[in-house]
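Peer 1: Can you read through this structure? Questions will come right after.
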Amino acid sequence: MLFLGLLILIGGFLIWRARSKRQWQQEVLASRLTDEEWRIIRSQVPLAHKLPPELKEPFEGKVALFLSQVDLVGCDGLEVTDDIALSIAGQAALLVVGTDAWYKHLTTVLIYPGAFKSKQTLQDGYVVTEEEVVRLGESWSRGPVVLSWRDAQHGGLNDSDGLNVVLHEFAHQLDDLSGQTDGAPPMAEGQSFARWAQVIIEAYDRHVTNTQAGRRTAIDAYGATSHEEFFAVAVELFFEKPHALQDAEPEVYAQLSKLLNVDPASWR
Ligand SMILES: [Zn+2]
């Protein structure tokens, strides 16, 4: 009897906690950015200025939720200013502005002033070696995102070169919501996973063939590394050169548009 009572108490507490977290999220999502915050976002993330009017409020709410939930930690002496916080939050919010998908496991973004060194483990049979690589960004499964501020800022300021390290790393975070980072994020409501997989696998195979043949491709050659990198670089292109992606891989564009519930090709 005592055990049953305890179970009911714990169950009730967990329901209450989930409910109050949801309520808190809804309240934060309803908050608006100040004029000063908008001024910084416009100067750091010009793409946000091109959002259609109906996406402005969801964008503001998601920037606010990101800043309430995520600790932005400066590394190697970097001081996290409002410009840095709003640039990164703004770019991360753009990616999910149209969808209910959210970085629910993310609590920390580490920010270095420039490119940073990271350890990479390589396995060749029984031999495991560790080597140091220089990176501009990194996304850990259920763990932090790591960014070079110089490159994160440049990616935000230049919104039409098809390269954006923040969109790239946060695409990995979305991908990881399915339980593993493998190029297959949780689908949007009503989106067919079978169709998604067919489109992405075929486009990836074409991309590998094209890059191996030395042909110029709209999608960055780094996308030929793996399905998850293909997804992340396609997301960069989707927002920054939507027409180029539509021309090169119309089905990939259509699938990303369904997944993220936005159509950047119509924003400009
Ligand atoms: Zn990547």
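Peer 1: Name the one entry in Leu9, Leu47, Leu55, Leu72 that is under 28 Å from Gln180 (Cα atoms) and not charged (D, E, K, R).
Peer 2: Leu72
Peer 1: Among the residues of the range 118-160, which ones are aliphatic (A, V, I, L, M) and not in a strand (DSSP E or B)?
Peer 2: Answer for the range 118-160, where residues must be aliphatic (A, V, I, L, M) and not in a strand (DSSP E or B): Leu136, Ala152, Leu157.
Peer 1: Can you tell me which residues in the range 84-118 are charged (D, E, K, R) and either open to solvent by less than 20 Å² (accessible area, probe 1.4 Å) or touching a residue at least 60 places away in the same chain (Cβ under 8 Å) (or both)?
Peer 2: Once the filter is applied, which keeps residues that are charged (D, E, K, R) and either open to solvent by less than 20 Å² (accessible area, probe 1.4 Å) or touching a residue at least 60 places away in the same chain (Cβ under 8 Å) (or both), the range 84-118 yields only Lys104.
Peer 1: Only residues in the range 128-146 that are among the acidic types (Asp, Glu) count as the first member; pair them with residues that are open to solvent by less than 60 Å² (accessible area, probe 1.4 Å), Cβ under 6 angstrom, at least 6 apart or cross-chain, and list the lot.
Peer 2: Glu131/Gln120; Glu138/Ser118; Glu138/Val146
Peer 1: Go through the range 200-253 residue by residue and tally those that are away from the ligand (no atom under 16 Å from the Cβ) and closer than 21 Å to Pro264 by Cβ.
Peer 2: Qualifying residue count for the region: 16.
Peer 1: Suppose we filter the range 126-168 for residues that are among the β-branched types (Val, Ile, Thr) and open to solvent by 50 Å² or more (accessible area, probe 1.4 Å); how many remain?
Peer 2: Number of matching residues: 4.
The values are calculated or read from the model by the stated rules, or taken from the named source; none is laboratory data. Computed from a predicted model, the values in this text were never measured in an experiment. Glycine gets a Cβ as well: all are built from the backbone with ideal geometry, and neighbour counts include every protein chain shown. Please note that ligands, DNA and RNA were not included when accessible areas were found on the heavy atoms of the full protein model with its side chains. Shrake-Rupley method; radii C 1.70, N 1.55, O 1.52, S 1.80 Å.
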